[in-house]
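Everything below concerns the one structure shown next.
The values are calculated or read from the model by the stated rules, or taken from the named source; none is laboratory data. It should be emphasised that the depicted structure is a prediction, and the values quoted were computed from it without experimental measurement. Neighbour counts are summed over all protein chains in view; Cβ atoms, including those assigned to glycine, are modelled from backbone coordinates with ideal geometry. Keep in mind that these areas ignore ligands, DNA and RNA; they rest on the heavy atoms of the full protein, side chains included. Shrake-Rupley method; radii C 1.70, N 1.55, O 1.52, S 1.80 Å.
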Amino acid sequence: MMEWSRLLSGKRLGVENYHERKHERTNFQRDYDRLIFSSPFRRLQNKTQVFPLPGSIFVHNRLTHSLEVSCVGRSLGKNIAAQLIRKYGQEENTDFSEIDSIVSTACLAHDMGNPPFGHSGERAISAYFTDGKGKQFEDRVRGEGGRWEDFLHFEGNANAMRLLTHPFRGRRQGGFALTYSTLASVVKYPFASTQATSKGKFGFFQTEEDTFLRIAEELGIPVIDPNRAVYARYPLVYLVEAADDICYQIMDIEDAHKLRLLTKDEVLDLFLDFFEGKRLEAIKHTMEMVKDTNEQVAYLRSCIIGLLVDECTQEFLENERRFLAGAYDKPLIAGIGDRAEKAYRLCSEVAYEKIYISRDVVDIELAGYHIFGYLLETVIDAMMNPGHSYSKLLLSRVPEQYDVYAATTYGKIQCALDYISGMTDVYALDLYRKITGQSLPAV
């Protein structure tokens, strides 16, 4: 059984023995501020969430999505903390009141490792190494002791762990030097790429495996499958995942309404289906006082988020022992009440049919797939042949924090992925146009 007294640790990665001056903010609160002011977080404002980045109508990007997920995560964390304090009291060395800070910070970080152009970026990486020219490097990577599966199943969650913890050139040990608890809350899949799920999900690259093991040891996270080196999920990961599930599903429906992919009646039917009885009557009464359609949708969206937060809170508290034992084996959102679960599932089905495969969404994925694939091929080729004249010119554009002259094939590929996955959509498009000669500086 995991113990809350160990799970809630304010120790910072890479600076464990460094004694700083006393702050009024706790280490967990400082984690939150550290991410808010960071460049990788700021770049999320120009990374596609689902829809193409805004023209005349503003829809969610990765930044606004992450901020909203963080708000929902904070609510979940506060609810859980309040109940755990009532249950256990103020146990020594167990600060339950910090759970909301830990969860909200991990929510900020949950998409920081995602490449540009939505999920098409991840697919472009996997395709390059599975079916494309990148396959030629497999024997070299394996022969040098590298983990080839890291590239076959490139995963944004694992990349977030790398971004937050890796000491890139010029950076201190521990990367962002976040607390162990915050970092553990980011790892949704606590196993290596060699044990990736059927969807290619895993939690850390080979380069960050020792870091994860250190975190697991410090927090008392046990191995639940020794044969596959699969660890138990850190309990607060479920809250981060639930906040993301709540936000993306409901907010995508609202965005689709603004973009007229879904009609007012379609959205109202989907949203009202979450409620019944007196709660439904009260909501309809309030809606009669609001005439603006967008405000009606926004009001319903807020009611649904509140409902799902309460349902997920109840599910977590009822299964606390299973979470601490590493025995809870489904997303938290899957444990909500029957009516809410049915309505949520219907939203998922409609979103797939009318949003995720809509023409605009597919077009941005097609473009992103091509642009990302081209940049990946070009940059990796330059790193593999650094003596070529063209390679020298291209590599001169890569920021100094990335080790373009890494000693191993694995290291070179990882460097290319660090550079390209950190780009915004606009930066990637601009670089693509420049190196293909489609755009030239003004003369």
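Return the Rg/Rh ratio of the stretch 131-184 with Cα-based radii and a Kirkwood Rh. Answer for the stretch 131-184: 1.09.
Note: the stretch 74-132, Cα convex hull, 114 Å³ per residue. Classify the stretch 316-419: rounded, prolate or oblate, from the alpha-carbon gyration tensor (a ≥ b ≥ c, eigenvalue square roots; a/c under 1.5 rounded; otherwise prolate if a/b is larger than b/c)? Oblate, since a/c reaches 1.5 and b/c is not below a/b.
Starting at 0 and stepping by 5 Å, how many percent of the alpha carbon pairs of the stretch 290-344 end up in each bin? P(r) for the stretch 290-344, in whole percents per bin: 4, 19, 22, 18, 14, 10, 7, 4, 3, 1. Length gained on full extension, residue 260 to residue 434: 59.2 nm, using 0.36 nm per residue less the C-alpha separation.
One equal scatterer on each Cα of the chain, no solvent, Debye formula: the resulting log10 I(q)/I(0) at q = 0.06, 0.10 Å⁻¹ is -0.27, -0.76. Taking every alpha-carbon pair under 8 Å whose residues sit at least 6 apart, the stretch 111-222 reaches a relative contact order of 25 percent.
For the chain, the membrane-span-like helix rule (DSSP H, alpha carbon extent of at least 24 Å along the helix axis, mean Kyte-Doolittle at least 0.5) picks out 359-384; this says nothing about an actual membrane. The packing ranking of peptides 331-338, 124-131, 432-439, highest mean first, is 124-131, 331-338, 432-439, where packing means the average number of other beta carbon atoms within 10 angstrom of each residue. When every Cα-Cα distance of the stretch 240-341 is counted in 10 angstrom steps from zero, the calculated P(r) takes the values 14, 42, 29, 12, 3 percent. Once C-alpha pairs closer than 8 Å and six or more residues apart are averaged by separation and normalised to the residue number of the chain, the relative contact order reads 21 percent. Based on the Kirkwood approach, the hydrodynamic radius assigned to the stretch 144-251 is 14.5 Å, with every pair of different Cα atoms included. Working note: Cα gyration tensor of the stretch 361-443, eigenvalues times five, square-rooted, sorted largest first, giving semi-axes of 22, 16, 11 Å. Accessible surface of residue 353, taken over heavy atoms with a 1.4 Å probe and every protein chain present, rounds to 120 Å². Across the alpha-carbon set of the stretch 345-395, the Rg to Rh ratio works out to 1.37, Rh being the Kirkwood radius. Taking each residue as 0.36 nm, the span from residue 352 to residue 427 lengthens on full extension beyond its C-alpha to C-alpha distance by 24.1 nm. Residue separation of residue 370 and residue 318 scaled by 0.36 nm, minus their Cα-Cα distance, works out to 14.0 nm of gained length. On a per residue basis, the chain carries 46 Å² of accessible surface, using protein heavy atoms and a 1.4 Å probe.
If a spin label sat at a point 7 angstrom from the Cα of residue 400 along the line to its beta carbon, the backbone N atoms of the stretch 167-190 nearer than 18 Å would be those of 167-173. Sorting 278-287, 265-274 by average packing, meaning the other beta carbons within 10 Å per residue, from highest down gives 265-274, 278-287. Within the stretch 68-209, the percentage of alpha carbon pairs spaced more than 20 angstrom apart rounds to 57%.
Ordered from longest to shortest, the equivalent ellipsoid semi-axes for the stretch 110-153 are 22, 13, 6 Å, each the square root of 5 times a Cα gyration tensor eigenvalue. For the stretch 119-149 and the stretch 246-312, what is the separation of their Cα centres, given in Å? The distance from the Cα centre of the stretch 119-149 to that of the stretch 246-312 comes to 43 Å.
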